[in-house]
Structures are given as C-alpha cells and as structure tokens.
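Structure first, then comments.
Derivation of every value follows stated rules applied to the coordinates shown; laboratory data play no part. Worth saying up front: this structure is predicted, and the values here are computed from it rather than measured. No Cβ is skipped: glycine too gets one built from the backbone with ideal geometry, and neighbour counts run over all protein chains shown.
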C-alpha cells in the first residue's frame, strides 16, 4: 500500500473508531436515563462499542504511522531511562 493510501485508510479507520466510541458513550448515557426503556443488552453493547472503537482507532493509528513516540514529548524525554543523556 502506498504511503498516501495508507494515510487515507488509517485516517478513515481512526474516524470510524471515533464515531463508534462516541455512539457507544451516547448509548451508555441514554441507557441510564429512566425515560428510555432500553434493554440491558444495549448497555453491554455500548461498553463493547467503546472498546471496539478504541481498537479501530489504534488500528488506524498503526496503519497511518501515527503511533510512534517521539522524544520531543516532555515526559518521555525526562523520565524514560533509555532516552536520558545522563552520564554515569
């Protein structure tokens, strides 16, 4: 897969994952309201949708190449022993 196609595919997976996560959260919140008589299966499905959306998000990040940790991040640069430049 070419780089541009991989980026488009990864971004679309990330977008779909975000939509699935938001829909799962909305369904979980609506299930808690007493006005909506939703079956308990919807609550379990909403939690599952949140995790499926997160997996799709991570798969999209992996495909498009956005999962790399750069050393410009402050926490990574200061507290990861592999990236420290201390001389002992």
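Considering only residues of the stretch 4-18 that are loosely packed, with under 14 Cβ neighbours inside 10 Å and without any contact (Cβ under 8 Å) to a residue 40 or more places away in the chain, which is nearest to residue 55 (Cα to Cα)?
5
Working only within the stretch 34-64, note down all residues that are over 30 Å from residue 5 (Cα atoms), touching a helix residue (DSSP H, G or I) at 6+ places or on another chain (Cβ under 9 Å) and surrounded by 12 or more Cβ atoms within 10 Å (Cβ to Cβ).
38, 42, 43, 45, 46, 47
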